[in-house]
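A.B. asks: Pasting a structure below so you can have a look.
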Amino acid sequence: MIVEISSILFMAVLAVTFVSCAAYVVFFISQNVKVREIARIILVVSGVLQTLYILVRYFQAGYSPITTHHETAFFFAWATTWAYLSFRWRYTVKNFGTFVSLLIFVLLIISAFSSKEVLPLKPILQSGWLPIHAGVSILAYGFFSLAFCGGLMYLLQERELKSKKFGYFFSRLPSLDALDQLNSHCLTTGFIFLTLGIVTGIVWAKVAVGHYWRWDPKETWSVITWFVYLIQLHQRFTVGWRGKRAAVMAIVGFVAVLFTFWGVNFFIGGEHSYGK
């Protein structure tokens with residue numbers, strides 16, 4: 001019974017997110033404010049359904065569902081959804097939802113094409129630290145994904161302005177200053193969560209195996225990613241790295257996130273590799 005509920009919920013999440021994404025695209029084209037409001041409401045419904053799916057998956061598996069490719073991709077989408085919604089309640093950035101909803105839908109599609117099988121939990125993962133460490137780390141990735149979308153929007157808008165031919169994107173994208181502020185907010189929030197994720201991982205490692213650090217590939221790449229974002233924030237607040245350079249670095253940082261999140265599993269492996 002619970003397996004059927006899980007399957008129905010997942011399909012509902014895909015369908016609702018697709019409708020939200022389509023509505024955001026329609027708004028981007030038409031600039032009809034009513035369509036934007038509908039798209040946002042549907043995305044909130046998607047976020048609620050995503051949360052319910054994670055809870056049902058928890059009861060189905062008996063542990064925090066953040067251990068397989070399917071689960072981590074889905075949790076990544078969930079983190080991005082709620083990171084955006086929390087951001088949207090405080091800030092208004094024109095057409096930001098269009099870019100973010102497309103990314104969320106892509107993450108859900110990746111999750112859909114991954115095996116949904118519930119696997120036995122490895123002994124080393126049977127710990128209360130699992131949801132804390134993995135959950136906080138992926139929340140960081142959710143905010144970094146917002147910075148990535150903002151970086152893409154910045155480059156598109158800057159190209160319009162430099163060409164002095166105000167085309168399709170100019171009137172549909174926020175000002176460069178608004179996008180730069182978005183970049184700063186999302187990077188700072190994501191960096192705090194990433195730092196907490198690394199610290200909790202270090203503590204967990206000490207409790208589980210008696211060593212704070214073992215240079216596992218994912219641990220190593222997590223630190224590399226941490227330094228990529230540390231450099232960005234340091235340069236922003238000390239020498240004023242802003243504008244195009246900050247936008248490009250937000251995209252570079254997100255590439256590092258994706259490699260840490262998935263690339264290490266496929267190309268290197270290690271103890272932190274996810275199940276199928």
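A.B. asks: Would you be able to say whether some residue in the range 212-219 is hydrophobic (A, V, I, L, M, F, W, C), part of a loop (DSSP other than H, G, I, E, B), modelled with pLDDT of 85 or more and in contact with a helix residue (DSSP H, G or I) (Cβ under 8 Å, 6 or more places away or on another chain)? Give the derivation first.
C.D. replies: Taking the range 212-219 and keeping what is hydrophobic (A, V, I, L, M, F, W, C), we get 213, 215.
Narrowing further to those that are part of a loop (DSSP other than H, G, I, E, B): 213, 215.
Retained after the next criterion (residues that are modelled with pLDDT of 85 or more): none.
For the range 212-219, residues hydrophobic (A, V, I, L, M, F, W, C), part of a loop (DSSP other than H, G, I, E, B), modelled with pLDDT of 85 or more and in contact with a helix residue (DSSP H, G or I) (Cβ under 8 Å, 6 or more places away or on another chain): absent.
A.B. asks: Among the residues of the range 11-19, is any modelled with pLDDT of 95 or more, over 13 Å from the mean Cα position of the chain (by Cα) and buried (at least 22 other Cβ atoms within 10 Å of the Cβ)?
C.D. replies: Yes, some residue in the range 11-19 is modelled with pLDDT of 95 or more, over 13 Å from the mean Cα position of the chain (by Cα) and buried (at least 22 other Cβ atoms within 10 Å of the Cβ).
A.B. asks: Taking the residues in the range 62-77 that are at pLDDT below 90 and in contact with a strand residue (DSSP E or B) (Cβ under 9 Å, 6 or more places away or on another chain) as candidates, determine which candidate is nearest to Thr98 (Cα to Cα). Break it down into steps so the answer makes sense when it comes.
C.D. replies: Start the filter on the range 62-77 by keeping residues that are at pLDDT below 90, which leaves 62-69.
With in contact with a strand residue (DSSP E or B) (Cβ under 9 Å, 6 or more places away or on another chain) added as a condition, the list becomes 67-69.
Details: Thr67: 29, Thr68: 28, His69: 25 Å.
So the residue we want is His69.
A.B. asks: When you look at Thr81, is it within 13 Å of the chain's Cα centre (by Cα) and either touching a residue at least 60 places away in the same chain (Cβ under 8 Å) or buried (at least 23 other Cβ atoms within 10 Å of the Cβ) (or both), yes or no?
C.D. replies: So Thr81 fits the description; yes.
A.B. asks: I need a count of the residues in the range 146-164 that are buried (at least 24 other Cβ atoms within 10 Å of the Cβ) and hydroxyl-bearing (Ser, Thr, Tyr).
C.D. replies: Result for the range 146-164: 1.
A.B. asks: Which condition from (1) assigned to a helix (DSSP H, G or I); (2) crowded, with 20+ Cβ neighbours inside 10 Å; (3) touching a helix residue (DSSP H, G or I) at 6+ places or on another chain (Cβ under 6 Å); (4) of a type outside the set (A, V, I, L, M, F, W, C) is the one that Gln60 breaks?
C.D. replies: Every condition holds for Gln60 apart from (2).
A.B. asks: Tally time: how many residues in the range 232-243 are more than 20 Å from the chain's Cα centre (by Cα) and at pLDDT 85 or above?
C.D. replies: 2
Conditions tested, residue by residue: (1) of a type in the set (S, T, N, Q); (2) over 22 Å from Ala147 (Cα atoms); (3) in a helix (DSSP H, G or I).
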site	(1), (2), (3)
Phe10	no, yes, yes
Leu14	no, yes, yes
Ile29	no, yes, yes
Leu43	no, no, yes
Ser46	yes, no, yes
Leu52	no, yes, yes
Ala79	no, no, yes
Trp82	no, no, yes
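A.B. asks: Can you confirm whether the range 138-145 contains a residue that is aliphatic (A, V, I, L, M), part of a helix (DSSP H, G or I) and either modelled with pLDDT of 95 or more or over 20 Å from Thr17 (Cβ atoms) (or both)?
C.D. replies: Yes: the range 138-145 contains one or more residues that are aliphatic (A, V, I, L, M), part of a helix (DSSP H, G or I) and either modelled with pLDDT of 95 or more or over 20 Å from Thr17 (Cβ atoms) (or both).
A.B. asks: Residues in the range 39-53 that are more than 18 Å from Leu103 (Cβ to Cβ) and crowded, with 17+ Cβ neighbours inside 10 Å: how many?
C.D. replies: 1
A.B. asks: Still on this structure, I have one more. With the requirement that a residue be assigned to a helix (DSSP H, G or I) and either surrounded by fewer than 16 Cβ atoms within 10 Å (Cβ to Cβ) or free of Cβ contacts under 8 Å to residues at least 24 places away in the same chain (or both), what does the range 103-128 give you?
C.D. replies: Residues satisfying the conditions are Val106, Ile109, Ala112, Pro123, Ile124.
The values are calculated or read from the model by the stated rules, or taken from the named source; none is laboratory data. If you're wondering where the values come from, they're calculated on a predicted model, not measured in any experiment. So basically every Cβ, Gly included, is an ideal-geometry build from the backbone, and we count neighbours across all protein chains shown.
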